Every structure is written in C-alpha cells, then in structure tokens.
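A quick write-up on the structure given underneath.
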Amino acid sequence: MQRMIWVLLSLLGAGAWGVIALHRGESISAAWLVLAAVGTYLVAYRFYSRFLARTVLGIDPRRATPAERLNNGRDFVPTTRWVLFGHHFAAIAGAGPLVGPVLAAQFGYLPSTIWIVFGVVLGGAVQDFVILFGSMRRNGKSLGQMAKEEIGPVTGLFAMVAILAIMIILLAVLALVVTNALKDSPWGIFSILCTIPIALGMGVWMRVIRPGKTVEATVAGILLLILALVGGRYVAQSPSLAPLFTHGGIPIAWGLMIYGFIASVLPVWLLLAPRDYLSTFMKIGTVLLLAIGILIVLPPLRMPALTRFVDGSGPVFAGKLFPFAFITIACGAISGFHALVSSGTTPKMIRREDDAPLIGYGGMLMESFVAIMALCAACALDPGVYFSINAPLSALGPTVQTAAEHIRQWGFTVTPEQLTALSASVGEASLLGRVGGAPSLAVGMAHIFSGAFGQQLMGLWYHFAIMFEALFILTTLDAGTRVGRFMLQEFLGHLWEPLGRTSWYPSNLLASGLVVVAWGYFLVQGVLDPLGGINSLWPLFGISNQLLAAVALCVGTTIIIKAGKLRYAWVTLLPLAWLLAVTLTAGWQKIFAPDPRLGFLAHARDTAARIAAGTLDPAKGGRMMFNDRIDAALAGIFMTIVVALLLASIREWIAVARGRKAAVLKEAPYVETAYA
Amino acid sequence: MHKVGSAETVGSGGSVGSGGSGGSGGPTAPTSLSAPSVLTKLRSALKQVVGMPDYARYLAHRQEAHPGCPLLSEREFYDQYIAMRYGGGVTRCC
C-alpha cells in the first residue's frame, strides 16, 4: 500500500516535469511548477534523506542529543520536532530565496526551476543536514570551530574571513534592495519608518512594563504595522506630507547606515529583539499567505521557458546562463549561509537524533519551495512589466515611452499606458528601473493576493509586500552588523587586547562603525552605479555565499571520510564539484571578461577610455574605476580562499584515506538517550 | 509531556519571584493538577518557533532537573535569554 503511494507520487512529479518539458513556447500554469517541485521533494525526502541518515551519517536514535544531555531550559532545550522544524525554517528563510529567483527569471522559468529543485535535493538540503548532524554530534559547535578542529587551524581562519566578507557584501546588497524599493516612495518610507517606534515600544513593553509578555506585544505590534501601512497611503496622497517622506537613493542609503550603526549599539532588548519577533511573525504569515494565494489563483506563467538573455545580454544582470543562474539563485537551491544557522541554535534543540533529517533536510526543502513560489510570482507577471521594473534606467531610458520602446526591441510587448496604469495602481509615481527584485516581487505578490483575496487592494498589497521585505532586511542589517562587529572584535583583539572586549563600549562603537562603513561603501557604490548596482553586487554576494557553501561541504566531506565512509563521500563531493565549477567560472568572468557590463576590469578600461575621450567627468570616472578594482580584488580574494581551502581539505582527506593520519572525529562521547 | 504541564500552570500564574527554598518538588513550582490548555501549548510552540524566551519552559526544566534551587525572575530570565540569543553567532539567514 505504502509502496503504491510512493509510486504514484513519483509518477505525479515525473508527469509534471513532463508537462513542463513538453509545453515549450506556450504558456503553462504555475500549478505544474508547484507539482513538479513538491513531487520531487517528497520522493527525495523519503528516499535520499533516509539514505543519508541511515547509511552515510549513521544517525542513531539511541544516542542522546546535546539538548537532552545539556538541557538548561534556555539554549539547550529538547524541542518537539515539528516546532523545531518551524524554528529552523524561520531562521533560514529570508530575503535571499525571494530575491534571487526573481532576478534569475530574466533567463525564463525553466533553468531556475530545475536548479532550485535539483540543487536543493542534491546540494542545499544535503549541506544543511550534514552540517546540522556534525554540529549536533559536537554539542552545537559552529561551522568555523568544526572547520578548525576537523580540517585544520588555517581552514578555520579562512572560514572566519569568508564569513566576515560574505556578511559585508550581504548587508550591502540587501540595503541596496531596500533603497531601490523605497526611493521616491513616500508610502513605503513612511510605513518603514513607523516600524522603528513600533519596535521600540514593543521592546519597552516586553522588558519594563510586562516582562516576558512577548506574544501580546508582538500581536499589538503587528496591528500597529497594518495601521502604518494604511496611514502610508494617506501620507502619499497628502500634498503637504508626501514631500517630507520622498527621498532619493543617496539620502536613503545614508539613513540606512545611520540606522544600522545606532541599532547595532543599542541594547538588544530595545530594538533588535522586538524587530526580530515582528519580522519572523510577518515572514511566516506572508509565506503561508503566498502559498495559499498561488494555490487559489494558479496563475499562468507569462514569462517564456527560456528567454534570449541566456546568451548573457540580459538587462537585469550581465552574464550567461552558466554560471550566473547558479550564482544568482543561492538561497533556495544551496546557500552557505545556512551552514551558519545549522551550526547555531538549531542543533542545540534537537530532541532525538532521528529528528535531524526532517529539520535539516526537510527545512531546506521548504525554503526551496519558497523560492519556487517567488519564481512563480515573478514569472506570472507580463515579461514586459517584469523588465520595466528590473532593468536599470540606463537601459530603459527616462520615460514610459522610451522604456516600452526598449522592451519592444528585446522582443516583449508592453504599452506606455500599461506601465503608467500599473504604477498608479500601486500608489507609486514610477516603477521603472526599480532594480533589486523586491519591487517586482511585490507587484507579482500583489497580483496574486488581489486575485485571491479581493481585486480592489493592489496598492495596499504591494506596500504590504514591500514592508514585509524591508522589515526583515532591516532586521538583518542590525543583526548582521552586530555579528560582523563581534567577528571584527575577535580579530582586533589579537592586535590590541582591549579592542577584543565586547563589554568595552569604545571598542563596540569602533567595530560597529567599521562594519557599517564597510557595507555602506558598497551600498553607496551600488546606488551611484549607472548599471543599477545589483549587476555588480548580487554576483559578488552569490559568489561569496557559494564560497561559504564550499567551506561547509569540505567540512561535511571530512566528517564523512573520517567516519570511515569514504565510499559515500560523493554525497558532498558532487555538490562541491559543481559549486567549484560555478564559483570559479563566475569569479573569473566577473574579473576578466572583455564585456564591460560583465567584467570589472573591462569596465574600468572602458571608463578610462571615456574619460580620455572627454565624455565622462574625470572625478566621477576615477571613482568608478577605483570601485571596479575593489570589486575585482574582492572576487579574486574569494577565489583564492576557495582554492586554498580545497587544497587544505584534499590534503587532509588523502592523509586519512591512506591511513597516514588517524581518522579521529571530535565528537562528544556517546550517552544513551532516556527518550524512548 | 508532563514536564511542560507543571510549568505552564506556574507560568500562567503570573510573576514568580526569585527564591524557591529547599524541599523536594520546590514550593515555587507546584505539581500540576490539570493538563495545560491547548492555548497555552500553542503559545509555547509559537514562542519556540520564533525564538522568544519561554519562561514557563525554564520553570518546568528547573523544577524537574534542579528542584529547590533558586530561580531567576521573569525579567532576569528575559535578559539572560536575549543576551544569549543575540550575543554571538548567526541566528538568522538572509
């Protein structure tokens, strides 16, 4: 009977893939993408994750977990498996799986769908699960500590540098996404600004007025958020208030930096914790709402399966399908950042070892599903509308007329009237050139929501989606700046001991300031970039994120080999090899490609030529060239770290495999569980 | 499950001062007579999903593992939990 169900499920998934493959050139329903994805997830979860758990890792239900052995009622707490699944999912899902697929939609829906589904099944979910397992067997050690202990101290150092670098780039690119969504949008700016006093009020409520009453404060906070959202429309329509909240990219960028700095030095209970609760509630709620909306509407996909931009000429970002689709979509397929979360709070909360596949592997499948939904929302838009929002103004021209004409040349039809009507319907002056993914995702979500829950509310749904994205991006700016600060203080502490003290306020201010300046530098560079900033920053983020995934897979491979399972090491070596191919090719092309839109150095040469020809202001051009070289150097550093890390790992693997080195794992000793 | 049960009664009973003198079982945390309501369980699950401090669970743990030892007040527990959760590594992805 059970076998029959699995055969049926496999056939269903395979059938959906068949429909996707055969209906090329005509529009298909998003339902087929959802079916193909869910069918594949279920089969992979049932068979592959079980194989990983039983045969490769040797999950032992009799072995007590750290949550059981070290239970302190605080961070080490045995947690019911589905609750922990929710906790882990809420921790790994963020802006990444939403933005990446939207940007990669410029290639069409087919390549992204295949990568998101098969990337997660064979790569991302494996990475998350293996690292979660490794950390669980080591009392919740972090990825960096595991890299140091299992591979060697140099690898540990590389991992630390990689984490700090990815943090900086991540914060810059997320801040850029928010900046582009909010610029010249009084409605958006007003409602986002309101989140700050709301969070402060919640913080005081939860600690001072009614200590520990977090749920009631958060519910009140969400009601206030909705009020702010509705109030935003009033502000945007008021001739006296609207100009107060209308700002361009540069002032918003500075505002974000000042916010990030102040927020990261305030006590956590005042701003960060309430903000985290708000955004987590909103995140879970919105993802559920989006899933319900897509299932009700089942929108047809207007984007072709493959667009002409697979040749690398795409306006959203430069570069061919390989490797750039696989760099652009990181979260949702495989994301190195997850290795940090999987070796953070979650391993300390697992009740029984055999809960780990559901949480590590299953949690990542769920995130992949979020990415598929984001892809559906983007591809359900008219391609003409999609490109009018996601291509930079330099490619579209200044007006709806020029934009419609350029888009027609790319082979898609959209009328100027359509574009004007769209921005009016969401209460914005213009949506042209709002690069970064968030605005087009918000339009797609607003379409789906208003299709499912009422046609009249496009503007409100659009700004709800923008607020939801901005809310957790701002939370990430605060939390990320803090994490960056701790890491920097650890480095600085080696130079001068007092700088390493996290309790010393001057050291905190200095380190926070340095971290903000670092991401702020890339943010301002992105805002000023005529190509839209996303074109250079998102690939750098993708490369650094995949680099971290390579670190995680090296650690995973080492754990598997040292456990005497060399013949199964392919489960992590396979995704590792793919990531290396992708990261190194993308890094090489970003540095050396002759196309100035793609290669940093070619862009610098092009800029120099324009300065020499007198068509570009030398001061401005000089800054652009400097930025190009910084970006090229950064890509070079990432590539060097990957190669060095790989060599160190291979040396360790060979030593262990040949028996020259004892295969000793640094696991916590075995204790039998009391949970039957 | 009985563990959660005993604590939820205490948690919903309002603030519990620090202290809790000796004696098996602990006078600050009476053994539960009634099972926790669905709402209490739901609230506790929600707190765990979001990563909020769950004082009731802490009380349950202290009662089971360290009966008779002094307890943190709800505010002290809140401060310690928050400091631990946001005081170091990465807790959220992008």
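Some notes on this structure:
- Between A:Ser238 and A:Asn72, residue separation times 0.36 nm minus the direct Cα-Cα distance comes to 54.3 nm.
- The residue among B:Phe77, A:Ile192, A:Ile543 whose Cα reaches farthest toward the positive pole of the charge dipole of the protein assembly as shown, with charges on the beta-carbon of Lys, Arg, Asp and Glu, is B:Phe77.
- Across the range A:5-56, the convex hull enclosing all Cα atoms gives 72 Å³ per residue.
- Bins of 10 Å, starting at 0 and running to the largest distance - Cα pair percent for the range A:107-149: 27, 34, 22, 15, 2
- In this Cβ point-charge picture (+1 for Lys and Arg, -1 for Asp and Glu), the protein assembly as shown has a dipole of about 1540 debye about its Cα centre.
- Nearby aspartates and glutamates by direct alpha-carbon distance to A:Lys183 (threshold 17 angstrom, same-chain neighbours under 8 apart not counted): A:Glu428, A:Glu469, A:Asp529
- Under the convention that each Lys and Arg Cβ holds +1 and each Asp and Glu Cβ holds -1, the size of the dipole of the range A:12-151 around its Cα centre is about 480 debye.
- Taken as entire DSSP H runs, the helices of chain A that both span 27 Å or more between Cα atoms along their own long axis and average -0.5 or more on the Kyte-Doolittle scale are A:2-22, A:153-182, A:186-204, A:214-237, A:272-297, A:458-495, A:505-528, A:534-562, A:570-592, A:618-657.
- Longest exposed-site-free window of chain A, the sites being chymotrypsin sites (Phe, Trp or Tyr not before Pro) in a DSSP loop that have at most 10 other C-beta atoms within 10 Å: A:1-495
- Long-range tail of P(r) for the range A:558-617 (Cα pairs > 18 Å, %): 59
- Label-point gap, in nm, between B:Met84 and A:Asp354 - each point 7 angstrom along Cα→Cβ: 2.9
- Likely footprinting exposure, B:Cys69, A:Cys331, fewest C-beta neighbours within 10 Å first: B:Cys69, A:Cys331
- For the range A:172-251 versus the range A:482-509, the spacing of their alpha-carbon centroids is 31 Å.
- Estimated inter-spin distance, A:Ile209 and A:Val230, nm [label 7 Å along Cα→Cβ]: 2.0
- Debye intensity ratio in log₁₀ form over the Cα atoms of the range A:587-645, taken at each q of 0.15, 0.23, 0.27 Å⁻¹: -0.45, -0.82, -1.00
- The range A:531-648: mean projected area of Cα convex hull, nm²: 7.6
- FRET efficiency estimate (nearest 0.05) - Cβ-Cβ, A:Arg567 to A:Arg50, R0 25 angstrom: 0.90
- Pairwise centroid distance, computed over Cα atoms, of the range A:519-555 with the range A:314-383, Å: 17
- FRET efficiency for the A:Ile650 to A:Gln145 pair, using the beta carbon distance and R₀ = 22 Å, is estimated at 0.55.
- Partner lysines whose Cα lies under 20 Å from the Cα of A:Lys666, excluding those fewer than 8 positions away in the same chain, are identified as A:Lys141, A:Lys148, A:Lys348, A:Lys562, A:Lys565.
- Taking all Cα-Cα distances within chain A, those exceeding 38 Å account for 32%.
- A full extension of the chain between A:Leu514 and A:Ala424 corresponds to an added length of 28.3 nm, given 0.36 nm per residue minus the alpha carbon distance.
Values in this text are rule-based calculations from the coordinates and carry no lab data. Here the structure is a predicted model, which means the values were calculated and not measured. Please note: Cβ atoms are built from the backbone with ideal geometry, for glycine as well, and neighbour counts cover all protein chains shown.
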